[in-house]
Structure formats: structure tokens, C-alpha cells
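Here's the structure, in C-alpha cells; my notes come after.
Rule-based calculations on the coordinates, nothing more; no lab input. On a predicted model such as this, the values are computed, not experimentally measured, just so you know. Cβ atoms come from the backbone with ideal geometry, glycine included; neighbour counts cover every protein chain shown.
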Amino acid sequence: ENYVNYLLPGILLIAIASGISYTAYRLFMDKQRGIIERFHSMPIARSAVLWGHVLTSVVSNVISLVVIILVALAMGFRSSAGILPWLAVTGILLLFTLALTWVAAIAGLTGKTVEGASAFSYPLIFLPFISSAFVPTDSMPKVVRAFAENQPVTSIVETIRALLSGQPVGNEIWIALAWCVGIMLVAYFFAMRAFKRKTA
């Protein structure tokens, strides 16, 4: 099996986890400089600033993912997937990006220092290393394997890998979607709550 094909889903998720840390940094700096308060004096929705950061994060991450896929193609990545599987992969990656971006918003709004605001991304970047992103989970020790098989990255990686290789995805796609949507909804709730507290 082409190892580039095997690695690509995990690399994409690591890129997203790395990219969203800048969202937390930007939000923290806006908060420190009083930019958020200045926008409140304008006739726009209060949450427009927050949504602006979220959408910027999604766009910048999409650009990064396209670059990574182009590099992977140059390194030998090949996919037999049709347009629908590629659209499904795109949708899952966008959902994952949105979910982590709202997590980043919480860190940016509640962080006490710039280091603290962006340090939250380190565990997220590390998470793919304890998943099926780089090696099959059945090669791991029992305790590590139990964690790897029941954390969000593994189901997302397995779903993307199956879609890109033209294999059946089974229940993994529903588990992956449930993780993405669940994280996004919970993070959105707490991010908006933190935002309202900071701008009250």
C-alpha cells in the first residue's frame, strides 16, 4: 500500500490543529488591544467579530489543506475516489476545522497570556500520534489501543482514508460526523458564553 496515501489523512488533521492556534492568538490580541470593544460602537452584530475570526480560520486552513494535497500528489499520493467521496472528505475536513476553531475561540477569549491562549493546540496536534493516523491501532499496547480506537481522530482518519481509497466506510463516517458536530456545538456554546462575558 502507498504509505503517502496512508499518512495523508493524519497530516491533514495535524495541519488543521496547528492552523487554528493562530485564531486563538488573534482573538487574544484583539481582546488585549480593545479592538473588540471598538467594534461594539459600530452598527454591527456583537458576534460579527467572533464570526470573522472563525471564517478567516476556515479559509486559511482550506488553503493549507490544498497545498498539502498538492505536495502529497507530487510525492505519489493517488486516489481512486470519485467526486462524491471527495465532497464527503471536504465536508468532514470543514466540520473538523469549524469544531477546532470554536475550541480556539474559547482559548483566545479566556487566555490570561498569549502563550496560554495558543498552548491549547499542543494536545490537539499530539492527538493524531495516538490514533490510526500513522500506524494501525492493532499494533499498539492494549491501553494505548483502547484510547486510540475511542478518540475522534481515529474515526475521522479512517473515514477519510476509506473515502479516498474507494473503500466502504461503514459506521465510521457516522462516528466521525458525531464527533465533529458534537465538539463544534459544545465549543460554540462555551465560546459564545465566554464572548458575552467579555463584552458585557
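Data table
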quantity	calculated
Most fluctuating residue given options Pro152, Pro85, Pro128, as computed from a GNM of the chain linking Cα atoms under 10 Å	Pro85
Helical segments meeting 30 Å axial Cα length and Kyte-Doolittle 0.5 threshold in the chain (DSSP H)	48-74, 83-110, 172-199
Value of Rg to Rh for region 52-94 (Rh from inverse mean 1/r over Cα pairs, i.e. Kirkwood)	1.04
Segment Lys196-Glu115, extension gain: residue separation times 0.36 nm, minus the distance between their alpha carbons	26.9 nm
Ratio Rg/Rh [Cα only; Rh per Kirkwood] for region 83-200	1.04
Rg ratio (alpha-carbon, reference 2.2 N^0.38 Å) - the chain	1.09
HN-Hα J in Hz across region 145-151 - Karplus 6.51, -1.76, 1.60, θ = phi - 60°, x for Gly and Pro	5, 4, 5, 4, 7, 10, 10
Helix-derived mean residue ellipticity, 222 nm - over the chain, DSSP H n ≥ 4, -39500 (n - 2.57), to 500	-25000 deg cm²/dmol
Positive minus negative residues near Thr154 (Lys, Arg vs Asp, Glu; Cβ under 14 Å)	-2
Lysine pair count for region 3-199 [Cα-Cα under 20 Å; pairs on different chains or 8 or more apart]	5
